[in-house]
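Novice: First the structure, then my questions, so here it is.
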Amino acid sequence: MKVIKQLQFKFVYSMILIEMIVFAIIFISLNVTITRRENQEAKAFLTYLVKNGGHRPRPRPMDNKMKQDDFPRYENFDDIDATSSASRAHPEDFLQNLPIFFRPEQENKENLRNYFSVRITNEGEILEVIQDFPLNYTTEEINLLIHQIINKDEMCGNIGGVMYCITSLSEAEQLICLLNRSSELKTLGKLYIYSGLLYFMSIVLSVLISIPTSKYMVRPAKEAFEKQKQFIADASHELKTPIAVIGANIDVLESEIQNNKWLEYIKTENKRMGELVKDLLYLAKNDAGRNELTFSDFDFSNAVENSVLPFEVVAFESGKTLELDIEKGISCNGDEKSLKQVFIILVDNAIKNSESGAKITVKAYSEGQKIVYKVHNTGAGIQKDELEKIFLRFYRSDSSRVRKTGGYGLGLAIARTIASDHGGTLIADSEVGKWAEFTLTLPKKK
């Protein structure tokens, strides 16, 4: 069932990742577009103020539409001052005299700007504050703002939410147009917050939807996997009986027929078939979650030594050297029987997959809160692209060698399964043409 759960997890993970990327692109693009548009409109409005002596340009009515070319241009600053003075003296009359489509209550939202302009000398002395409506700024605040702008020494910029632009009126005077963008920036800030909340809610909703959807999507694979496991388990059980019968008949024949090579062939293949059925049953039970491991504290050092020492004779007979480097007194919490099976599989694999004259080294030591078991052998090594494939069931990187040494490519798959059941890892490393190494890492306590 682990495979199905992994498949379901990958489906959910992939679906959420894609949705996160898509939603992020949508929300970021939306926020960037709105922010850029707001900045462009603010700059355009400030440009209008600069061109019109600090006043908002007033359009002429033409079919109830306003065109950019209809904005008037003041020829001299006496007209600007006259207009500014009239608006300051009687702001209510000024607003009433505006055409109805251009009164503040009838304007488009983007034209409701809090702006004013200041005429100053080149030394920074304020000559006049130009305004089209009453300001919310005190004289001290205006002086401080103008002082900050002059010290910044930039023709256009932003200070504390106020966008400004400086233009020269004459050799002795300058005009500073200011646009307070506090409300716009506050609105943009709320937009970012709401977008973030909406993005988060979208991801949460995606998770809630993707989990039941993933179960529905992997259902066919789950059913096929269940049928496959059941078939393997049933076939293995059914094969155990005839294999046992064949083995018993071989024993009887051996007592009557001495030194028969054909009988020896049958006996060898029957033994291999029995091992294959045993391995298949183990994997089938593990897939079904029916493998019962008994965890207890045991001497890891002695377990390694007892499992590996019998292979000294096998290594010697095949012209290879087996060396042990085992740290004494290592204590481990796990299923001793199944871990011994891993020790045997790795050493047997090293002996079978190395040439005559090879050196096999077995190490066992503790490292912090972990226990490490390594099997290193000199020889042809393993190709980089096969370092993970060799742990797949029935995978054999060298079929000719497998036929010579026996095996069906299930040993390493079983070893990694046992390592995973103990909360550990089993990895392979190699340098082609020189060596290969398998490393089992286990936690001291499970």
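Novice: Rounded to two decimals, what is Rg over Rh for the stretch 148-244 when you use alpha-carbon atoms and the Kirkwood radius?
Specialist: 1.69
Novice: Semi-axes, largest first, in whole Å: what does sqrt of 5 times each Cα gyration tensor eigenvalue give for the stretch 219-287?
Specialist: Computed over the stretch 219-287, the values are 34, 10, 8 Å.
Novice: Would you mind ranking GLU238, GLU336, GLU19 so that the residue whose beta carbon has the fewest other beta carbons within 10 Å leads the list?
Specialist: So the ranking, lowest neighbour count to highest, is GLU238, GLU19, GLU336.
Novice: Here's something else I'd like to know. When a footprinting reagent is the concern and you count Cβ atoms within 10 Å, what order do PHE295, PHE438 take, fewest first? It would help to have the intermediate numbers written out before the result.
Specialist: Working: PHE295 14, PHE438 26.
Fewest-to-most ranking of PHE295, PHE438: PHE295, PHE438.
Novice: Next question, about the same structure. Just the Cα atoms of the stretch 296-443, one point each, no solvent: what log10 I(q)/I(0) does Debye give at q = 0.12, 0.14 Å⁻¹?
Specialist: -0.46, -0.63
Novice: Roughly how many Å is it from the Cα centre of the stretch 231-255 to that of the stretch 259-328, as a whole number?
Specialist: 20
Novice: Follow-up. For the stretch 219-287, what's the relative contact order in percent, using C-alpha pairs closer than 8 Å and at least 6 residues apart?
Specialist: In percent, rounded to a whole number, it is 54.
Novice: Can you check what the net charge comes to around ASN249, using other residues whose Cβ is under 12 Å from the Cβ of ASN249 (Lys, Arg +1; Asp, Glu -1)?
Specialist: -2
Any read-out appearing in this document is the output of simple, stated calculations on the displayed coordinates, not a laboratory observation. On a predicted model such as this, the values are computed, not experimentally measured, just so you know. Every residue, glycine as well, gets a Cβ built from its backbone with ideal geometry; the counts of neighbours run over all protein chains shown.
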